[in-house]
Amino acid sequence: MLSVASPPTAARNEARADPLSRTRLLVVDDHAAVRAGLRERLADGAEFEVVAAVASAEAGVEIAERQRIDVAVVDYPLSGRNGLWLSRKLKRLPHPPAALIYSAYTDGVLAAAAVVAEAIVSKGRVGADLCHAIRGVAAGQRDLPPLPPGCPRASAGSSTNGNS
């Protein structure tokens, strides 16, 4: 995984200025069992607060427009709009959260398109690995898989499913 520092937004810096504050999470996955499992696992300790767990990209945007979110944990394939569409929409908010794509689809092609996300984490990585990745993006780091040879990263304005 490529791990590079990028400055977190001012809103995230302000929100995280208090070392006792919990990282506020939005979970977006179209499988109810995955949402429930992530909510349970991530809310297990004092470090994270799951603000909402929703099934669609559109519902994720609605939540993020109304509440402060530090990190959005987003599945790539969703019914309707996909996780990259959601990540682009979140980046346009006045106080955008970090976007972590949490998906079974973590190959280099997805990495090429995911310039709107701070991290891509395989659903095969659970528990401490996922929590570590969330901590990293909340602190302004990027965690993206390496690209296959000759595959350039897509531009932030690219559409991967025709649903800009």
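Condition check ((1) under 20 Å from residue 33 (Cβ atoms); (2) in contact (Cβ under 8 Å) with a residue 12 or more places away in the chain) across all residues:
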site	(1), (2)
46	no, yes
62	no, no
89	no, yes
105	yes, yes
123	yes, yes
137	no, yes
141	no, yes
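Taking the range 65-87 as the region of interest, how many residues are of a type outside the set (Asp, Glu), surrounded by fewer than 24 Cβ atoms within 10 Å (Cβ to Cβ) and assigned to a helix (DSSP H, G or I)?
Of the residues in the range 65-87, 2 are of a type outside the set (Asp, Glu), surrounded by fewer than 24 Cβ atoms within 10 Å (Cβ to Cβ) and assigned to a helix (DSSP H, G or I).
Can you tell me which residue within the range 103-154, out of those that are small (Gly, Ala, Ser) and at pLDDT below 75, is surrounded by the fewest Cβ atoms within 10 Å (Cβ to Cβ)? Reasoning before the result, please.
To start, the set of residues in the range 103-154 that are small (Gly, Ala, Ser) comprises 103-104, 108, 111-114, 117, 119, 122, 124, 127-128, 133, 136, 138-140, 150, 154.
In the following step, the residues that additionally are at pLDDT below 75 were identified as 108, 111-114, 150, 154.
Values: 108: 14, 111: 22, 112: 18, 113: 21, 114: 25, 150: 5, 154: 17.
Residue satisfying both the conditions and the ranking: 150.
Among the residues of the range 87-102, how many are under 22 Å from residue 126 (Cα atoms) and either at pLDDT 95 or above or of a type in the set (A, V, I, L, M, F, W, C) (or both)? Working first, answer last.
Initially, the range 87-102 is screened for residues under 22 Å from residue 126 (Cα atoms), giving 87, 97-102.
Then keep just the ones that are either at pLDDT 95 or above or of a type in the set (A, V, I, L, M, F, W, C) (or both); that gives 97-101.
Summing the residues that are under 22 Å from residue 126 (Cα atoms) and either at pLDDT 95 or above or of a type in the set (A, V, I, L, M, F, W, C) (or both) in the range 87-102 gives 5.
Considering (1) at pLDDT below 95; (2) buried (at least 24 other Cβ atoms within 10 Å of the Cβ), say which one residue 29 fails and leave the rest.
If we test residue 29 against (1) at pLDDT below 95; (2) buried (at least 24 other Cβ atoms within 10 Å of the Cβ), just (1) comes out false.
The values are calculated or read from the model by the stated rules, or taken from the named source; none is laboratory data. Predicted model only: the values in this text are computed from it and were never measured. Glycine gets a Cβ as well: all are built from the backbone with ideal geometry, and neighbour counts include every protein chain shown.
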